[in-house]
Structure formats: C-alpha cells, structure tokens
1. Tally the residues that are within 13 Å of ligand 2 (Cβ to nearest atom) and either over 20 Å from residue 188 (Cβ atoms) or part of a loop (DSSP other than H, G, I, E, B) (or both), restricting the search to segment 268-296.
2. Limited to segment 280-297, what total is found for residues that are touching a helix residue (DSSP H, G or I) at 6+ places or on another chain (Cβ under 9 Å) and within 16 Å of ligand 1 (Cβ to nearest atom)?
3. State which residue is surrounded by the fewest Cβ atoms within 10 Å (Cβ to Cβ) when the search covers only segment 127-142 and only residues that are away from ligand 1 (no atom under 16 Å from the Cβ) and more than 17 Å from residue 309 (Cβ to Cβ).
4. Being within 30 Å of residue 40 (Cβ to Cβ), modelled with pLDDT of 95 or more and either touching a strand residue (DSSP E or B) at 6+ places or on another chain (Cβ under 8 Å) or surrounded by 19 or more Cβ atoms within 10 Å (Cβ to Cβ) (or both) is the requirement here; does residue 185 meet it?
5. Kindly provide the set of residues from segment 155-186 that are without any contact (Cβ under 8 Å) to a residue 60 or more places away in the chain and outside any helix (DSSP H, G or I), ordered by number.
6. Condition first: crowded, with 24+ Cβ neighbours inside 10 Å and within 14 Å of ligand 2 (Cβ to nearest atom). Can you find one or more residues in segment 146-159 that meet it?
7. Out of (1) away from ligand 2 (no atom under 14 Å from the Cβ); (2) surrounded by 15 or more Cβ atoms within 10 Å (Cβ to Cβ), what's the single condition that is false for residue 326?
8. Just one of the numbered conditions (1) within 16 Å of ligand 1 (Cβ to nearest atom); (2) under 30 Å from residue 265 (Cα atoms) is not true of residue 86; which one?
Ligand code: KG4
Ligand code: ZN
C-alpha cells in the first residue's frame, strides 16, 4: 500500500467568542482557516456573555466546518484526524465544539484528539515558522491567560509563572473600557497608545518577589481608574493617548523583562510569544529591541494567528496525535484544564 504522506487535521476551536475551523497538514501547513467572529454581538454587552456565545457557536459551527472544507478543497473522507479544543474556556462554548467534533469522529470513524487551548496558541508559531522546534521559552499573553512556560518538547510544557489575578488581555480590555473604547479593547488601546507619550503618565511596574515569574495585572487597572477619576475631580483634562501609552509601557516592560530573565536562567536560545496580546504593535517592537540586544532568537506569529483561530488547534492536535493521544467519545469539556 502506498504510504500516506500527509496527516490532515480538521480542527475546531470554540472556547470563547470565535467559532473557528481549520484544515492543517502535518501540523505546519494551513489549508484553510475560517472564523465566524461574535465580537459585534458581544460588543453590545461590553464583554462576552457565555450563554449568547454558546447559542451562536451552535448556529454557526456546521456552516464554518463546511466553509473550511470547501476552502481547502477537501471532503471529510480526506481528513485523518479531528482535533478540538478541550479547555480551558467557557464550558458551554467548549461543549458545542466538542459535541460537533465527536459527531464527525463517530460518523467518519476518524480519531478524535482533544487539545489544550494554550498548547494551541504556542503551536501557532509552528505554522508561522516551519523550522521552529522545541525546546524554547514561551510567553503566552491572552485574554484569559498570562504564562511563562518552558516548552521541553511538542507535548511537554512546564509552567514557570502565571498571573495571580487578571490576565494581561483582561487588563487591556478593562483599561480600554475606562478610556471609553469598545470591546474587545486591546486592539483599540494599541492604536490609541501609538499616538501617546509613554512617559507622560507613569504607572507602577509590578514585578512581585525577586526572581518570580508570576504576574499581577489587577493593580494597574485600579491605578488607571484612580488617575482618570483624580484628574476629573480636579477639573483637569485627560490625554487618553498618554494614559493608554503609559499603561501599555508599564505592563509590557514587566512581561518582556520576565520572559528574558526566564530565557537566561534556563539557558535557552529562543523565545516564542503567543496569544491575542502578542498581536500588540508596541510589544512586538519592544521584544525585537530587547531580544536583538541580548542575542535571543524570537518568534511571534502574524497578528491573525495570535488571536483565537482553528489552525493553531490543528497544529497542536497533530503533535498530540503523533505522540499517541486519541480521545474517546466520553471526552468532556474542562473549563479550567491545567497546562
Ligand atoms: O488569545 P485570545 O484571542 O483569546 C483568549 O484566549 O483569551 O486573546 C484575546 C485578547 C483580548 O483581551 C484582546 O483585547 C487582546 O487579546 N488583544 C490585544 C490586541 N489584539 C487582541 N491586546 C493588545 N493589543 C492588541 N493588538
Ligand atoms: Zn486564546
């Protein structure tokens, strides 16, 4: 029998407010990557409403699967593996993706592989950089997570530090809201900050204990709120651009410094960055400058692969499958799945 050259994964991601489906070959090549975004719907409420998210996933998912197959020019028979985000995320939202993946796996007889959402974010870099291989240090910055993790191999990751309160993307979104920007605020704050002076309004840099890889982002949100209210009470103007730039500078200096410290202490050569906040333009400049200065190789996906998408899950599912992972139909959504 002729040996099959490629393993094609059909991957489903529905952990938050994007219904995303992709087809990925050998964990590295995107054949299609479709996303039905719910952002305009949740914007009306100023944040993701879990019940509304589940309902929209349910309405969209079959259509997005069809679109992804069409775009790749493939049929379900040509798919080898069904990958799906198992967690973490909103449980009702995850369940829609998982139930769909299970149904396709059952009907087609193809193996089902559950994936950790963060493993997916890290894997977005395998799609962007075909020759990138572990080990490396990873900095994962998203709406729900902020981690520094040592990626030993494709399926072995050790978390060195995490946030003790808000995730960095959450801090971006809350500060953006204080500044009157629409949901999700991160990309809007990014644009506003580009027009501001990062030194005009200084916020506290929170490094926690010496040597700690943990983060804390909730204090700065209060710091911004106090500054804005204080200015208003004094009848003084607020330069939103400067506040945005000052906030961004304070959080990004800390994440970049801690990531570089981890690279040094673990004698690594590579720093891999991932997650929605990795799309941030200021972060990308700061990382480039810092890594060039220290002689570290840095990797960061294109902005569209930083935010939630199906292709990253397709890549992670491929490597999990290669390591022997196959789930049965009892696989359940796990809202707080550990990395
Ligand atoms: O990874 P992601 O799509 O979803 C989660 O897994 O949470 O991340 C979404 C987060 C949101 O908080 C959003 O505001 C933030 O990423 N984000 C940004 C930018 N683009 C998205 N934050 C700062 N600058 C950006 N350009
Ligand atoms: Zn995500």
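The values are calculated or read from the model by the stated rules, or taken from the named source; none is laboratory data. This structure is a prediction, so every number in the text was calculated from the model and none was measured. Reconstructed Cβ throughout: ideal geometry from the backbone, glycine too, with neighbour counts over all protein chains shown.
1. Total satisfying the criteria: 2.
2. 7
3. Across segment 127-142, the extreme among qualifying residues is 131.
4. yes
5. 156, 158, 162, 163, 164, 165, 166, 167, 181
6. Yes, because at least one residue in segment 146-159 is crowded, with 24+ Cβ neighbours inside 10 Å and within 14 Å of ligand 2 (Cβ to nearest atom).
7. Failing condition for residue 326: (2).
8. (2)
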